[in-house]
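Encoded as structure tokens, the structure appears first; notes follow it.
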């Protein structure tokens, strides 16, 4: 359906020829824009119907008081199924600290939350297929689990800003949600407006970057510089490139699609996806308000090393 719409608009209405740089780029942009936004609205609405009672406060309270291993597992899983981007995850990070949840567990949530969510997983399935989706989710969960453990080794509590420890959160009554079908419908529509309104521009930027890459970057250049055997540096380079390219897990999907179509190895592509989603510069700047530079440097280094190892590992397995 989406490909036919792109065919109609680009090849027939605009009269562009298949195989031309502009035509291929516009065809990619139209097809991915319609497909991704259709999936975004549909999945967010359905999840809104099912998750009308889930709030950041409930996520925090669910993790609090559990044994360390179970708290970490809960944090990773909840991070993966909650629709919080990297910047909106940071206020919840503060709530975890205030609730007395160990910082290693909190960092596991902070890693998983922007990198994996059910919306991105469904869109990833629809655009790139189940194999890459499974690889991305497993890699993200593994990095979140072990990344939090490594962060705990450095005792990051000593680098949390003083004001965070001093904040006293009184017991505030939970708002009663309307659990009727009409109430859940209103909540789901609100979720669609809120989440799509927050991420649409990053998704469009991601699609535009992917379209330009797909239409104008020669495949021979990509294979020679990013896809050849022995290019060990392509994975750390992908991680570095991903830092300033702020987006979310959904916005990086069209970029990954274009890279894979051009022959970029799967490990290099995964490393870039994870770096953009979880190691973005805006998140680092916001997180700096909560933790001091030593903890921030360790956090960024742990993620950069983890993403590089994931990329190298999958590239080796692909051969």
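Data table
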item: Qualifying positions in region 137-156 - without any contact (Cβ under 8 Å) to a residue 60 or more places away in the chain and either under 24 Å from residue 124 (Cα atoms) or touching a strand residue (DSSP E or B) at 6+ places or on another chain (Cβ under 8 Å) (or both); result: 137, 138
item: Out of 84, 38, 109, sole residue that is within 17 Å of the chain's Cα centre (by Cα), closer than 19 Å to residue 195 by Cβ and either exposed (fewer than 15 other Cβ atoms within 10 Å of the Cβ) or modelled with pLDDT under 80 (or both); result: 84
item: From 123, 105, 97, residue being assigned to a helix (DSSP H, G or I) and more than 20 Å from residue 152 (Cα to Cα); result: 123
item: Residue match in region 295-307 (condition: at pLDDT below 90, surrounded by fewer than 24 Cβ atoms within 10 Å (Cβ to Cβ) and not in a loop (DSSP other than H, G, I, E, B)); result: no
item: Residue pairs meeting the criteria (Cβ under 9 Å; at least 6 apart or on separate chains; first assigned to a loop (DSSP other than H, G, I, E, B), in region 58-73; second at pLDDT below 75 and surrounded by fewer than 15 Cβ atoms within 10 Å (Cβ to Cβ)); result: 64/100; 65/100
item: Matching residues in region 276-294 - criterion: being in a helix (DSSP H, G or I) and under 17 Å from residue 249 (Cβ atoms); result: 276, 277, 278, 281, 282, 283
item: Test: residue in region 150-157 that is at pLDDT below 85, under 22 Å from residue 300 (Cβ atoms), out of contact with any helix residue (DSSP H, G or I) (no Cβ under 8 Å at 6 or more places or on another chain) and surrounded by fewer than 16 Cβ atoms within 10 Å (Cβ to Cβ); result: no
item: Given (1) under 19 Å from residue 206 (Cα atoms); (2) at pLDDT below 75, index of the condition residue 54 fails; result: (1)
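The values are calculated or read from the model by the stated rules, or taken from the named source; none is laboratory data. Given the structure is predicted, the values throughout are model-derived calculations rather than measurements. Because the Cβ atoms are built from the backbone with ideal geometry, glycine has one as well, and the counts that use them run over all protein chains shown.
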